[in-house]
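Quick notes on the structure that follows.
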Amino acid sequence: MCEGGKPITTSIVECPHCHYKFNYEFIPGTSFTSIRLGPARIFKCPNCKDLHKFNISHLGTDSTLPTHGDNIDTSIGGKTIGLAIGPLIALLIMGILLAAIGTVQSALAIIIPVVIGLAWLIGYIVYLYRKATGRTRIE
């Protein structure tokens, strides 16, 4: 058990780039340092330090392998998190300020920037997914 009462689950994962195998500890349904996509997560390999997509559905541990978790070794990084969420927050603040000074209707001033920010967030996650899986071109 970790802090807060949520159990830590361990999966045996392998980097698709350098083939480094390790035990990955994570809290099911929660991730603050990786991007969760169903049974896969995008995070940095602790060996080659590149973002990759890891399948976390092979639950269990292998005592011969090192263990890494949701921490600084595997974090997608502050820059990536900032680029993902920063524009959404900036657009939301801009909408609130526009509504406060009354230049546009208050509902539209908040809704339109949030929709644009969410579109950015989804687009950036798709970009990271394509980068992590090696799909950089649309074929």
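No value in this document is a laboratory result; all are computed from the given coordinates. The model shown is predicted, which means the values in this text are computed figures rather than measured ones. For neighbour counting, all protein chains shown are included, and Cβ atoms are generated from backbone atoms with ideal geometry for every residue, glycine included.
Would you kindly give the portion of the calculated P(r) for segment 47-121 that falls above 18 Å, as a percent of all Cα pairs?
On the way: 1662 of 2775 pairs.
When all Cα pairs of segment 47-121 are counted, 60 percent exceed 18 Å.
Bin width 5 Å, origin at 0, all Cα-Cα pairs of segment 78-133: what percent of pairs per bin?
Reading upward from the zero bin: 4, 22, 22, 19, 13, 10, 6, 3, 1, 0.
Amide H to amide H under 5 Å from Ala40: which residues, 5+ apart in sequence or cross-chain, H placed 1.01 Å off N in plane?
Ile56
On a 0 to 90 degree scale, rounded to 10, what angle separates helix 106-133 from the longest Cα axis of the chain?
30 degrees
Among the DSSP beta bridges whose two residues both lie in the chain, what percent are antiparallel, rounded to the nearest 5? Before the final figure, lay out each step's value.
Working: 15 of 18 bridges.
The antiparallel fraction comes to roughly 85 percent.
Any chance you could list the semi-axes, whole Å, largest first, of the equivalent ellipsoid that the Cα gyration tensor gives for the chain, using √(5λ)? If you can, show how the numbers build up before the last one.
On the way: eigenvalues 257, 64, 25 Å².
Equivalent-ellipsoid dimensions as semi-axes: 36, 18, 11 Å.
Calculate the dipole size of the chain relative to its Cα centre from +1 charges on Lys and Arg beta carbons and -1 charges on Asp and Glu beta carbons; express the result in debye to the nearest 20. Could the numbers behind the result be given before it?
Values: 12 positive and 8 negative charges, 77 e Å.
Using Cβ point charges on Lys, Arg, Asp and Glu, the chain gives about 360 debye.
Quick one: pull the percentage of alpha-carbon pairs in segment 1-82 with a separation above 14 Å.
On the way: 1952 of 3321 pairs.
Taking all Cα-Cα pairs of segment 1-82, the fraction more than 14 Å apart is 59 percent.
Tilt of helix 78-101 relative to the longest C-alpha principal axis of the chain, in degrees (0 to 90, nearest 10)?
20 degrees
Say R0 is 25 Å: what FRET efficiency, to the nearest 0.05, do Ile96 and Ile8 get from their beta-carbon distance? Numbers along the way, then the final one.
Working: r = 38 Å, r/R0 = 1.52.
In this case the efficiency is close to 0.10.
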